[in-house]
Every structure is written in C-alpha cells, then in structure tokens.
Amino acid sequence: MQGKVQKMESHNPGIKCVVNTCYYYAEGDHCNAQKIEVQRRNATTSHETDCATFTKNQQSMS
C-alpha cells in the first residue's frame, strides 16, 4: 500500500478531488481513498485547512 489509508477500487461518493497528483485521485475528479482526514483544528477559512490523506502519486508527472 503506497498511501496512508486503503485505496478502494471505486470512488468514495460525495468527495470531489481535483488534485491529479494524488495517489487516491480517480478520473472524473473522484477520490478512491477509503476515508480522508482534513486537518487544522480551529481553522476559520478553507485556506487554513489541509488534506492529511494526500499522498503524492509516484506515477504522476511532475
């Protein structure tokens, strides 16, 4: 397993992801991570948040 959580065969409904360099990214802007974790307790804007589940896809183009 390359990522931090299990990668599912199908996408996780309700999660949109446009980060095509992520290991869990699926065509159509879907996320195939079994679960995600978004961090920064007490954030007040989306800019202050971070997807802790993100793992760089070793096969993605730089």
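Figures for the structure shown
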quantity: Matching residues in segment 1-41 - criterion: being out of contact with any Lys or Arg (no Cβ under 9 Å at 6 or more places or on another chain), among the small types (G, A, S) and within 12 Å of A52 (Cβ to Cβ); calculated: G3
quantity: Matching residues, segment 13-41, being within 14 Å of K56 (Cβ to Cβ) and either of a type in the set (K, R) or out of contact with any Gly (no Cβ under 8 Å at 6 or more places or on another chain) (or both); calculated: C17, V19, N20, T21, C22, Y25
quantity: Condition met for A52 (free of Cβ contacts under 8 Å to residues at least 40 places away in the same chain and in contact with a strand residue (DSSP E or B) (Cβ under 7 Å, 6 or more places away or on another chain)); calculated: no
quantity: Residues of segment 4-46 classified as surrounded by 13 or more Cβ atoms within 10 Å (Cβ to Cβ), assigned to a loop (DSSP other than H, G, I, E, B) and not acidic (D, E), total; calculated: 14
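For every residue, the table says whether it meets (1) under 10 Å from the mean Cα position of the chain (by Cα); (2) modelled with pLDDT under 95; (3) of a type outside the set (S, T, N, Q).
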{"position": "G14", "(1), (2), (3)": "no, yes, yes"}
{"position": "C17", "(1), (2), (3)": "yes, no, yes"}
{"position": "T21", "(1), (2), (3)": "yes, no, no"}
{"position": "E27", "(1), (2), (3)": "no, no, yes"}
{"position": "I36", "(1), (2), (3)": "yes, no, yes"}
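The values are calculated or read from the model by the stated rules, or taken from the named source; none is laboratory data. Note that the structure is predicted; figures quoted are calculated from it, not measured. In this analysis, Cβ positions are derived from the backbone assuming ideal geometry, glycine residues included, and neighbour counts consider all displayed protein chains.
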